[in-house]
Amino acid sequence: MKRVLWLTVLALALPLTAFADSVDFTNSGGILAGSSNGLSLTGSALIAVKGLNGLGLVTGNHLGSLSFSTGALMAGGSLQMGGTFAAGGSFTISGNGSSGIPNGTIFSGTFSGPATWTLVTLANGTHNYTLTGAVAGSLNGNFFTNGVTVQLTINTGRGFFNGRTHISSGDTSVVVPEPGSLSLLGTGLLGLAGVIRRRLKVS
């Protein structure tokens, strides 16, 4: 009975001891093109980064770029009225070496789940679209991380999305475990394992 109790405590301790930080990326502009095969964004400038490599908020007109492609449009949806795009594709954030932002790929991954394409009709009868989806991939080539992105189109007027439009802005937030927290987790679990071993020898 004691053995089961201590093993249960160990299992419960695992998820409670991990902490995480977030890194936020803001992009502006670019062309969003789409068909039933998926949506893709090109030419979007990275204009703000917060929390990367210990940096605070870094802003600029062009710190790098953000691009992506989704999976195919799933059944029941449409480019004009909204729908869901399948997981997959690609999602890449790159820096250009300015203002302390690294030069090269910062985040490389994919859409880890379906991405939602939402039509928003404003009170004046004009239309906006948003794309929201979960992403997963490598941050700085070191950590596997998960996050979410929200991309907003420029108002399409009273017409609907016709397969090509400008992006107004977007925000992507990814979560990554802190190396220090991972070290504490390892040290704590080693200590807990020692206590359990001693208790099991006594019982």
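The values are calculated or read from the model by the stated rules, or taken from the named source; none is laboratory data. These numbers were taken from a predicted model, which means no experiment stands behind them. Heads up, the Cβs are rebuilt from the backbone with ideal geometry, glycines too, and the neighbour counts pull from every protein chain shown.
Here's the yes/no breakdown for (1) in contact with a helix residue (DSSP H, G or I) (Cβ under 6 Å, 6 or more places away or on another chain); (2) among the hydroxyl-bearing types (Ser, Thr, Tyr); (3) surrounded by 21 or more Cβ atoms within 10 Å (Cβ to Cβ):
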| site | (1), (2), (3) |
| --- | --- |
| Phe107 | no, no, yes |
| Pro114 | no, no, no |
| Thr118 | no, yes, no |
| Tyr129 | no, yes, yes |
| Ala134 | no, no, no |
| Ser138 | no, yes, no |
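Screening segment 138-167 for residues that are among the polar types (S, T, N, Q) and assigned to a strand (DSSP E or B) and picking the one that is modelled with the lowest pLDDT gives Thr145.
Pro177 fulfils the conditions (1) loosely packed, with under 15 Cβ neighbours inside 10 Å; (2) modelled with pLDDT under 90 except for a single criterion, (1).
When restricted to residues that are free of Cβ contacts under 8 Å to residues at least 12 places away in the same chain and in contact with a Lys or Arg (Cβ under 8 Å, 6 or more places away or on another chain), segment 25-65 contains 2. If you filter segment 97-115 down to residues that are in contact (Cβ under 8 Å) with a residue 40 or more places away in the chain and either in contact with an Asp or Glu (Cβ under 6 Å, 6 or more places away or on another chain) or of a type outside the set (Phe, Trp, Tyr) (or both), you find that the one that is nearest to Ser173 (Cα to Cα) is Ile106. Out of the residues in segment 140-151 that are in contact (Cβ under 8 Å) with a residue 40 or more places away in the chain and over 9 Å from the mean Cα position of the chain (by Cα), which is surrounded by the most Cβ atoms within 10 Å (Cβ to Cβ)? So, considering only residues that are in contact (Cβ under 8 Å) with a residue 40 or more places away in the chain and over 9 Å from the mean Cα position of the chain (by Cα), the one surrounded by the most Cβ atoms within 10 Å (Cβ to Cβ) is Gln151. Working only within segment 44-64, note down all residues that are within 20 Å of Asn142 (Cα to Cα) and assigned to a strand (DSSP E or B). Answer for segment 44-64, where residues must be within 20 Å of Asn142 (Cα to Cα) and assigned to a strand (DSSP E or B): Val49, Lys50, Gly64.
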